[in-house]
Amino acid sequence: MNRLPEGGCARKRLHVRQVTVEGYEREDGLWDIEGHLTDLKDDDFGRGDRVLPAGEPLHDLWLRITIDDSMVIRDAVAKMDAVPYGAGCLGAAPHYERLVGLALKPGFRRKVQAVLGGIQGCVHLTELLGPMATTAYQTLSAHRRNMRNPDERPFHLDACHAMDKQGEVVRLHYPRWYVSR
């Protein structure tokens, strides 16, 4: 694995956050997007009346959304295997069912904040929804490409630097949608 060069002075790692998101095609024609977040401390960590040993997860959180071809959430399940505040944290998991009916399209993050922002949800589970949404697009990309009307502009053009309609990548791979400067 290529890593960034170390900074200019000695350093000690204190914390690791790992985020993994996987996309699955289901037999019933739906799609599961599953996110997993862990936070680990490299030193023993005091939390109230207990000490969490180094390397034990402070957070071990799971979130699965099930979506249809239109990117609408049909089911959502959250699971919290390790949390720092016990029942105080665990009470947020059932609230993720509120995602059902939302679509992964522009405005999604704003709608998520409306139903799960602040004390309504868990900031860490809610953060997972960003990479889960982009993973959903990656998971369904070939399927959506095959279903797309050929006259319909691909959704990802102008969505990032490489997909600039005036850029070389679009000129080579999407010539129909290329716009010269």
Review point. Whole-Hz Karplus ³J(HN,Hα) for the stretch 112-128, in order, using 6.51 cos²θ - 1.76 cosθ + 1.60 and θ = phi - 60°, x for Gly and Pro?
Key: 4, 4, 5, 9, 9, x, x, 6, 6, x, 10, 4, 6, 5, 5, 4, 4
Revision key, fill the gap. Largest-first semi-axes in Å of the equivalent ellipsoid built from the Cα gyration tensor of the stretch 101-181 are 31, 14, 11
**Study point:** Per-residue HN-Hα couplings for the stretch 32-38 [Karplus 6.51, -1.76, 1.60; θ = phi - 60°; Hz; x = Gly/Pro]
**Key:** 9, 10, 10, x, 9, 10, 10
Study note, to complete from the structure: Any residue on another chain or 5+ positions along whose placed amide H is under 5 Å from the amide H of Lys165 is listed here as Asp158
Practice item. Mind checking which lysines have their Cα closer than 24 Å to the Cα of Lys105? Skip sequence neighbours fewer than 8 apart in that chain. Key: Lys165
Check your understanding: From the residues Ala54, Val170, Gly117, which one has its Cα farthest along the dipole of the stretch 40-181 in the positive direction, the dipole being from +1 and -1 charges on Cβ of Lys/Arg and Asp/Glu about the Cα centre?
Key -> Val170
Check your understanding: Relative to the compact globular guide of 2.2 N^0.38 Å, what is the alpha carbon radius of gyration of the chain, as a ratio?
Key -> 1.27
Revision key, fill the gap. Asserting the computed 222 nm helical MRE of the chain (DSSP H runs at least 4 long, -39500 (n - 2.57) per run, divided by residue count, to nearest 500) equals -7500 deg cm²/dmol
**Study point:** Two-site FRET efficiency, Val72 against Tyr174, from Cβ-Cβ distance with R₀ of 25 Å, rounded to 0.05
**Key:** 0.40
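Values in this text are rule-based calculations from the coordinates and carry no lab data. On a predicted model such as this, the values are computed, not experimentally measured, just so you know. Positions of Cβ are generated from backbone atoms using ideal geometry, with glycine treated the same way; all protein chains shown enter the neighbour counts.
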